[in-house]
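Participant: Structure below; questions to follow.
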Amino acid sequence: WQDVVRDAAAVREAAAVAVDAALLAGVLMRTGEQPHASDVVNYAPFTLLPSAVPRALFEQAYAVQQDFNLLVDTISQNKEFLEQTLASTIKVDDFTARLFRIYMQVLEEGLAQTVFLGINRSDYMFDHGLDSTAALRQIEINTIAASFGGLTSRTADVHRLVLKVLGKTEEASHLLPNNPAKGLALGIAKAWEFYGSQRAVVMFLVEDVQRNIFDQRCVENELWNRNIRVVRKRFRDVFEQGSLDASRRLYMDGQEVAVVYYREGYVPQVYDQQNWEARLLLERSRAVKCPDIATQLAGTKKVQQALSQPGTLEKLLPGHPEAVARIRATFAGLYSLDEGEEGDRIAATAIADPDRFVLKPQREGGGNNLYGEELREVLEKIKDSPERTSYILMDKIKPQPALNYLLRAHSPLQVSECISELGIFGVYVRQGQELVLNQAAGHLLRTKAIEHADGGVAAGVAVLDTPYLV
């Protein structure tokens, strides 16, 4: 869009149209000043123009999503693999250790849950290597509370209009339809159906502060359209109102719960003793958890790093050589910082050349990774301590920046050099041992200015975008 980016008058006019279109389409968030109120809202931040995405890499990301769904589901059923892989991490990372303890406790008691629902989002960047050909590289896979499936379902329409206003009607027609909200709701509805009680409700487990409520409402409304009742509860409500009957059916306020869809529970800060007890109660129940605790553990950075080791994928997915090849083709270099010679060597390499790497703790939700000087300082401090095993090291991806305008409420309109991250939503349902649903459910493109190393939309750094395939 080089011609447009330089035309200040056209940009101003398009931006005014874009903001109104976003409000009309429901691309909304509550404000930071009034995060509990829906009577004062603003548009969620988004790009003025859709961003170019290589078609071949976009198609590759979609083609591998069912393989990732299968892999995550397989790992969640493999106690031995989770135990071995997380052994060093749970010694030094209290949050992962507590999740793991609940996982073991529930297994010892025997699982009451027989239907399993996974909603994950696999995130990628486009790496421009030395020969400048772009390659798809997985950043991470989110197995809990993967968000923005709702708002991104409404963003393409806004970009379609903007392109038309800018005289690019032909280009506008090339933007793909995209509705993750529908795909995610389909998975939840399927799990609800297999649970087998018409009266039972779907419970969205939500945060105390719900700025991103409209994103969730998009999925929620799809369920109401299918005549499935939805309730919204917090951990505190579960602690106060939740109970199990003799066959471990979950009741909230006397209502049976078929599916618990977590939009909360991925950061240590939300757990006090009561909330840990509430989490245990949910895990012990027969209700379909999305995710169950094993699937949350399958999404840890340590598991991601272990999967990149030679032979690991083959062991986990025997008889699926094509899937293994497709998955492995997306991996960036990932390195263990476990204690021992190999870990020492990797730590020393990163301290010597920190700009080559990203240091990742076992955390979700954006804004946790360390780069450059900060990476060097932290590694210097922990290089001789077991604490380093709570991190993994990853090659830093080098995407190709492009010019765009990031539209944010109360921010000046200015051009930025930007990079993008593509997420593919995946949904699967397993009953007993049989996968009864396994599909990609849509995509999410997020874009940020290059001065921000880390952070997503909810963290206030990235903005919503639409891919324009080239």
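The values are calculated or read from the model by the stated rules, or taken from the named source; none is laboratory data. Note that the structure is a prediction, hence the values are computed from the model and not measured. Neighbour counts are summed over all protein chains in view; Cβ atoms, including those assigned to glycine, are modelled from backbone coordinates with ideal geometry. For the accessible areas, the whole protein counts, side chains as well, though only heavy atoms, and no ligand, DNA or RNA atoms are used. Shrake-Rupley method; radii C 1.70, N 1.55, O 1.52, S 1.80 Å.
Participant: Report every pair of residues separated by at least 6 positions or lying on different chains whose Cβ atoms are under 6 Å apart, first residue within the range 50-66 and in contact (Cβ under 8 Å) with a residue 12 or more places away in the chain, second among the aliphatic types (A, V, I, L, M) and open to solvent by 60 Å² or more (accessible area, probe 1.4 Å).
Facilitator: 52/470
Participant: Can you tell me which residue among 243, 247 is assigned to a strand (DSSP E or B) and small (Gly, Ala, Ser)?
Facilitator: After ruling out the rest, the residue left standing is 243.
Participant: For the condition in contact with a helix residue (DSSP H, G or I) (Cβ under 8 Å, 6 or more places away or on another chain), in a helix (DSSP H, G or I) and open to solvent by less than 10 Å² (accessible area, probe 1.4 Å), what is the one hit in 260, 303?
Facilitator: Just one listed residue meets the conditions, 303.
Participant: Going by what's in this entry, would residue 238 be described as among the β-branched types (Val, Ile, Thr), touching a Gly at 6+ places or on another chain (Cβ under 9 Å), open to solvent by less than 60 Å² (accessible area, probe 1.4 Å) and assigned by the TED database to the domain that holds residue 274? Write out each step before concluding.
Facilitator: Numbers: among the β-branched types (Val, Ile, Thr): yes; touching a Gly at 6+ places or on another chain (Cβ under 9 Å): no; open to solvent by less than 60 Å² (accessible area, probe 1.4 Å): yes; assigned by the TED database to the domain that holds residue 274: yes.
Judged against the criteria, residue 238 is not a match.
Participant: Does any residue of the range 440-463 turn out to be among the polar types (S, T, N, Q) and over 16 Å from the mean Cα position of the chain (by Cα)?
Facilitator: no
Participant: On to the next question. Working only within the range 438-470, note down all residues that are open to solvent by less than 20 Å² (accessible area, probe 1.4 Å), part of a strand (DSSP E or B) and in contact (Cβ under 8 Å) with a residue 60 or more places away in the chain.
Facilitator: 441, 442, 443, 444, 445, 447, 463, 464, 465, 467
Participant: Can you tell me which residues in the range 198-235 are more than 18 Å from residue 180 (Cα to Cα) and exposed (fewer than 13 other Cβ atoms within 10 Å of the Cβ)?
Facilitator: Once the filter is applied, which keeps residues that are more than 18 Å from residue 180 (Cα to Cα) and exposed (fewer than 13 other Cβ atoms within 10 Å of the Cβ), the range 198-235 yields 198, 199, 208, 209, 227.
Participant: Now a separate question. For the range 243-257: of the residues being open to solvent by 20 Å² or more (accessible area, probe 1.4 Å) and not charged (D, E, K, R), which is modelled with the lowest pLDDT?
Facilitator: Here the residue is 254.
Participant: Out of the residues in the range 21-39 that are open to solvent by 60 Å² or more (accessible area, probe 1.4 Å) and of a type in the set (A, V, I, L, M), state the one that is farthest from the chain's Cα centre (by Cα).
Facilitator: The selected residue is 24.
Participant: Still on this structure, please answer the following. Only strands (runs of 3 or more DSSP E) wholly contained in the range 1-108 count here; list those with 3 or more residues that are in the same structural domain as residue 430 (by the TED database) and over 30 Å from residue 335 (Cβ atoms).
Facilitator: 28-30, 41-43
Participant: Look through 14, 61, 8, 18 and report the one residue that is open to solvent by 10 Å² or more (accessible area, probe 1.4 Å) and either aliphatic (A, V, I, L, M) or in contact with an Asp or Glu (Cβ under 8 Å, 6 or more places away or on another chain) (or both).
Facilitator: After applying the criteria, what remains is 8.
Conditions (1) in the same structural domain as residue 120 (by the TED database); (2) acidic (Asp, Glu), marked per residue:
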site	(1), (2)
308	yes, no
318	yes, no
352	no, no
359	no, no
373	no, yes
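Participant: Of the residues that make up the range 384-392, is at least one under 27 Å from residue 129 (Cα atoms) and charged (D, E, K, R)? Reasoning before the result, please.
Facilitator: Of all residues in the range 384-392, those under 27 Å from residue 129 (Cα atoms) come to 391-392.
With the extra rule that they be charged (D, E, K, R), the set shrinks to none.
Looking through the range 384-392, none of the residues is under 27 Å from residue 129 (Cα atoms) and charged (D, E, K, R).
Residues are listed down the side, and each one gets a yes or a no for (1) crowded, with 16+ Cβ neighbours inside 10 Å; (2) touching a residue at least 12 places away in the same chain (Cβ under 8 Å); (3) outside the structural domain of residue 67 (by the TED database); (4) more than 24 Å from residue 267 (Cα to Cα):
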{"residue": "122", "(1), (2), (3), (4)": "yes, yes, no, no"}
{"residue": "130", "(1), (2), (3), (4)": "no, no, no, yes"}
{"residue": "137", "(1), (2), (3), (4)": "yes, yes, no, yes"}
{"residue": "160", "(1), (2), (3), (4)": "yes, yes, no, yes"}
{"residue": "170", "(1), (2), (3), (4)": "no, no, no, yes"}
{"residue": "192", "(1), (2), (3), (4)": "yes, yes, no, yes"}
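Participant: With modelled with pLDDT of 90 or more and within 28 Å of the chain's Cα centre (by Cα) as the only criterion, which of 376, 356 stands out?
Facilitator: 376
Participant: Assess whether residue 183 counts as being in the same structural domain as residue 438 (by the TED database), surrounded by fewer than 24 Cβ atoms within 10 Å (Cβ to Cβ) and free of Cβ contacts under 8 Å to residues at least 60 places away in the same chain.
Facilitator: No, not satisfied.
Residues are listed down the side, and each one gets a yes or a no for (1) free of Cβ contacts under 8 Å to residues at least 12 places away in the same chain; (2) of a type in the set (A, V, I, L, M); (3) in contact with a helix residue (DSSP H, G or I) (Cβ under 8 Å, 6 or more places away or on another chain); (4) open to solvent by 10 Å² or more (accessible area, probe 1.4 Å):
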{"position": "92", "(1), (2), (3), (4)": "no, yes, yes, yes"}
{"position": "105", "(1), (2), (3), (4)": "no, no, yes, yes"}
{"position": "114", "(1), (2), (3), (4)": "no, no, no, yes"}
{"position": "127", "(1), (2), (3), (4)": "no, no, no, yes"}
{"position": "142", "(1), (2), (3), (4)": "no, no, no, yes"}
{"position": "147", "(1), (2), (3), (4)": "no, no, yes, yes"}
{"position": "177", "(1), (2), (3), (4)": "no, no, yes, yes"}
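Participant: Here's something else I'd like to know. Open to solvent by less than 20 Å² (accessible area, probe 1.4 Å) and not charged (D, E, K, R), is that true of residue 166?
Facilitator: The answer is no for residue 166.
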